[in-house]
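Derivation of every value follows stated rules applied to the coordinates shown; laboratory data play no part. This structure is a prediction, so every number in the text was calculated from the model and none was measured. Here the Cβ is made from the backbone with ideal geometry for all residues, glycine too, and neighbour counts use every protein chain on show.
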Amino acid sequence: MNDEIDSLVAFLDEQRAILRRKAGGLDGDALQRTLPPSDLTLGGMVKHLAFVEDWWFGRVLRDQQAELWAGVDWDADNDWDWHSAADDSPEQLWALWDDAVARSRAAVADDPRPERESARPRRDGTSFTLRWILTHMIQEYARHNGHADLIRQSVDGSVG
């Protein structure tokens, strides 16, 4: 690939591994626990990050949409990804996330140039770049991994 893209992908993969460590190995009840007053759950976070993977690497970069998200009525529930996770088993959530990550990796490998432009434009008509999308995804995971750390500690005391 490209040294810059390799580095960004490595940082993103590290953040993905942190999510797996923070939210992995829990049963359905534990994945749905909250840390009041927040209503965030680890299960919701896994499903949300699956959606975000598919949004940025599929919908924005490639202008392709994974079938699961196409039928969602986002107007009825803008946080459907977070809320609907309560209906999914841990196995379903992790399979959804693993599949989304695999699609994201394939999208990057397709054309790993840092200046590769997105198929879907920004609101102002300009394009995102692969560099920007990867950097954004690192930031997205880092923010949510901080949430995951707090929630996981409240679930079973796990830290680190």
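Applying 1/(1 + (r/R0)^6) with R0 = 30 Å to the Cβ-Cβ distance of D75 and D3, what FRET efficiency is obtained, to the nearest 0.05? Taking R0 as 30 Å, the efficiency between D75 and D3 is 0.10.
Can you give the FRET efficiency to the nearest 0.05 for F11 and D87, using r as the Cβ-Cβ distance and R₀ = 22 Å? Efficiency, rounded to the nearest 0.05: 0.10. Note the angle between two axes, namely the Cα long axis of helix 90-110 and the longest principal axis of the Cα atoms of the chain, as a number of degrees from 0 to 90, rounded to the nearest 10. Approximately 10 degrees, to the nearest ten.
What chymotrypsin sites (Phe, Trp or Tyr not before Pro) in segment 1-59 are in a loop by DSSP, with at most 12 other Cβ atoms within 10 Å of the Cβ?
Of the chymotrypsin sites (Phe, Trp or Tyr not before Pro), not one in the loops of segment 1-59 has a Cβ with at most 12 other Cβ atoms within 10 Å.
Angle check, please: helix 3-23 long axis (alpha carbons) against the longest principal axis of the chain (alpha carbons), in degrees 0 to 90, nearest 10. For 3-23 against the chain, the angle is about 10 degrees.
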